[in-house]
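Each remark here refers to the structure printed beneath this line.
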Amino acid sequence: MSLKEYLLPKAIMVGLEASGKDEVLSRLSDLMKEAYPELDREHVFSILKAREDMASTAIGKGIAVPHAKTDRVGRIYGALAVSRDGIDFDAPDHKPTHVFFALISPVNQVQAHLKALSMIMQLFQHNTRLREQLTEATSPEEVWDILSSLD
Amino acid sequence: MAGRFLFLIGLLVSSGCTASKGRSTSNDTLPRVRARALQMASSASEPSAIESYLLYFPSSRSAGLNEKLIQLDAQAALGSQDPAVMTAFLRLHGSSPLAKQVFENYISFLTKRIHEKHQEKDMVLFLRICPNCSQAASVRENLAMIRLRALGPSPSPQQLSAIARTWPGTKAAALARQKAARLTVDHAVLFGGPEAWLGSDWPQASPEIRKEAARLALVHGLRTRNLSVITNALRHLGTSESIIRELSKAGRRVRLRIIDHLTCAIPAQPRASIPALEVLLSTFQDTVTKRDALETLAFMDDPRSLWLIVQNVASSDLLVHVAAVAALKARLKRNLPWDIPALRLIESRLAAHQDIAPVVLRLSFLRLLSERGSTPPLPPPSSFTSGQPVLRIIRAHLLAVAGRGTADLIKECTQYFEILRRNFPQPIGRHNLALALAQERASAALLMLLKDANTPAARDTVTRIKAFRTVIVGEITRAMRLAGREYTPSLGHPVLEAYEKASGSPRKCPALHLPSRYEEVMRHVSSFLHTN
């Protein structure tokens, strides 16, 4: 499995600015809608928010993986937003979150969903500089190139 | 340094110069000083004297002095237990023929000390001076493992990855990689939400993380009243401390709410609800919760729920025991097809425990009740092929009938007597003697049951049974005599007499209408039948 299977260059954003969780999720929903017009923006936002309300998807070290499942999609969709200054996302280490990797998965593909989550976790854990590289990137293309180099 | 200083002073004094003079010595004086110095150095036993000579007269290096210096240093290095001395020798005289000996001595010394003291610094030194030695691999393994252990019980994936990178090819690296992968999965499980919390196909996650994830799911389920999540969480949690903690925090009202939820969910997801009830039953000493859970289990439709009920029949808590028995009865009334094999299994398992023998008896009784179903099936004539099956069938019928009323009892006994009468073997011979004896005992049991049923129908049946017995006892006695044996009819048997005495006089059929005494009936009848 590769990131490119569910992430398009159009679904990448740098310079994310938001005042809190809801705004981050809102921006991610916008990003997804722009990249994948078949998605329902409001639905994406509501399921991401519902999941986030359960427990934060921030995993610490500046990374969060907002994710949710829905029966309205047939495959996994991904979006990546990077914030240079970092945003408070209730991270377990209480540090600002810089990288937001959003995932929307079909309800009936639980295992694929979990594997995607695991892959993202491993990606960041095995590449300790990745977060900094992404944060320093100045354009979505640059982010895409960094991610491509990992494949 | 002190040695060199003394050498210099001695040299200058002995050659008639002072230090200041030394600086201004003429060309004639210098060879004299040098000669004296060479003489002193040659006879010196201190390396510093030779060193000093070589230092002050570098242009007149003597091969002999060099060798002597190296020898003295080698002696010092070989006799030393200090790695610094050995290291210094190797650094200064690494190319000398003695270097190999000192090196080997150094390695041997270090190896011994590593084995004795297991000190990290020795290992590091060893690997630095001899990375390609034959022992280096095991030293690397040990050192890598020490570094891995030094990370403590909760290393981060980054720390583990660093170990794997720094010590490639070692067991520690493999362990570190494995642990890092697991931590990553653990992370995904923990932060993945309910699906990950309860993901069944997530083998890499550690058991602790799975439990923690399930605990999170339970908390979430309780908060959102999501039955499916609660049930799944309880299934994963089993009877762990965390669930007790969570549910204790939740309080009895929430626990009852869970039971309510589960009860409502039975039609939709019966199997999913059972683990939750199992946990509730096994985790709490709360009698009322158990009672409620047992009531719910009575309406579930699978063997597991039956087993849970049965387990609680043996409860020392009277209320739980009564609730379990009531649940068992309610359950058996439903005549679920899989309950009978399940009960047989339960019987066989519980039979091994002497302390719960009464439960086994009760179960036997209830199983027999269950086997009968709503319409008492009379045993087919084909069943009467040997004595033992007949006894079992009779026992089953007597017990089944005992749970009804007098009218039913009389009707069943009469019907049963008719079967006995029709199937009584005649003439009695060696081949059918056992069957005849079994039927005689069965008729005795029928008489015993009907003794106090004081109705015309009962009296009529009793009269007919007695007449039948007169005939068969005569026939059996005759057959036994022919076989050279004496025969005592069942009603004169000591076991039955003992039972009759215990039941009071006149003989009284124990408690036809009191379920609590069924097993007493059964015990006596069973004992009587088996003894005979």
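Read-outs: derived from the displayed coordinates by stated rules, not from any lab. Computed from a prediction, not measured in an experiment: that's the story for all the values here. FYI the Cβ positions are ideal-geometry reconstructions off the backbone, even for glycines, and counts take in every protein chain you see.
Proximity of backbone amide H atoms, modeled 1.01 Å from N, is registered between A:S83 and A:L16, A:V99, A:F100 at under 5 Å, excluding neighbours fewer than 5 places apart on the same chain. Per residue of A:111-121, other chain Cβ atoms within 10 Å of the residue Cβ number 6 on average. In this structure, the amide hydrogen of A:H67, modeled 1.01 Å from its nitrogen in the peptide plane, lies closer than 5 angstrom to those of A:L103, counting only residues at least 5 positions away or on a different chain.
Phi angles across the stretch B:119-127 convert, under the Karplus curve 6.51 cos²θ - 1.76 cosθ + 1.60 with θ = phi - 60°, into 3J(HN,Hα) values of 8, 4, 5, 5, 5, 4, 4, 4, 5 Hz, Gly and Pro given as x.
Quick one: P(r) of the stretch A:86-151 from all Cα-Cα pairs, 10 Å bins, percents rounded to integers, in order of increasing distance. Binned Cα distances yield the sequence 17, 45, 33, 5.
Could you tell me the ratio Rg/Rh of the stretch A:3-150? Both radii from Cα atoms, Rh via Kirkwood.
In the stretch A:3-150, Rg relative to Rh is 0.92.
Across the stretch B:143-156, coupling constants 3J(HN,Hα) worked out from phi with the 6.51/-1.76/1.60 Karplus curve, θ = phi - 60°, read 5, 4, 5, 4, 5, 5, 5, 5, 6, x, x, 10, x, 8 Hz, and Gly and Pro carry x.
P(r) for the stretch B:116-178, from all Cα pairs and a bin width of 10 Å, is 23, 51, 23, 2 %, short bins first. Counting other Cβ atoms within 10 Å as a rough exposure proxy, the listed residues B:L69, A:L28, B:L234 run B:L69, A:L28, B:L234 from fewest neighbours to most. With N counted as the residues of the stretch A:2-60, its alpha-carbon radius of gyration over 2.2 N^0.38 Å works out to 1.15.
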